[in-house]
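Participant: Please see the structure below; I have some questions.
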Amino acid sequence: MNHETANELLLYCLSGEHDESRAARLEQLSNSDWNDVIQQSRRHGVTPLLYQRLKTQHLNVNIPANI
């Protein structure tokens, strides 16, 4: 996954908006893709916020246990 795509998904996860196509895209992410999103969240210093948003707003997303 390129940085632009990882950043786009990161921003979507952090936002309060719901978009069916992006939500579906989250469902398709591989472990490697999730690692890219996490890496971008670390780069931007928003990993705790990402965790909170995933736990409270994206409950239907199947996130790999190792992530």
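The values are calculated or read from the model by the stated rules, or taken from the named source; none is laboratory data. Since the structure is predicted, the reported quantities are computational estimates derived from the model, not experimental observations. Note: ideal-geometry Cβ built from the backbone for every residue, glycine included; neighbour counts use all protein chains shown. Only protein heavy atoms, including side chains, enter the accessible area calculation; ligands, DNA and RNA are left aside. Shrake-Rupley method; radii C 1.70, N 1.55, O 1.52, S 1.80 Å.
Participant: Can you give the accessible area per residue of region 3-58, in Å², using a 1.4 Å probe?
Facilitator: Per-residue accessible area for region 3-58 comes out at 62 Å².
Participant: Can you tell me the length gained on complete extension of the stretch His3 to Glu17, counting 0.36 nm per residue apart and subtracting the Cα distance?
Facilitator: Extra length from His3 to Glu17 when fully extended: 2.9 nm.
Participant: Right, here's the next one. Cα-Cα pairs above 17 Å in the chain: how many percent?
Facilitator: 31
Participant: Just in region 13-59: which GluC sites (Glu not before Pro) are loop by DSSP and have at most 16 other Cβ atoms within 10 Å?
Facilitator: Glu17
Participant: Can I ask one more? How high is the relative contact order of the chain, in percent, with contacts defined as C-alpha pairs under 8 Å that are six or more residues apart? Walk me through the numbers before you get to the answer.
Facilitator: On the way: 38 pairs, mean separation 30.0, N = 67.
Result for the chain is 45 percent.
Participant: What distance in nm lies between label points placed 7 Å from Cα along the C-beta direction at Ile63 and Ser30?
Facilitator: A separation of 2.1 nm, rounded to one decimal place.
Participant: Roll a 1.4 angstrom probe over the protein heavy atoms and tell me the percent of accessible area of the chain that is carbon or sulfur. Walk me through the numbers before you get to the answer.
Facilitator: On the way: 2070 of 4390 Å².
C and S atoms contribute 47 percent here.
Participant: Hey, what do the phi angles of region 35-49 turn into as Karplus ³J(HN,Hα) couplings, whole Hz, using 6.51/-1.76/1.60 and θ = phi - 60°, x for Gly and Pro?
Facilitator: Couplings: 4, 5, 5, 4, 4, 5, 5, 5, 4, 8, x, 10, 4, x, 5 Hz.
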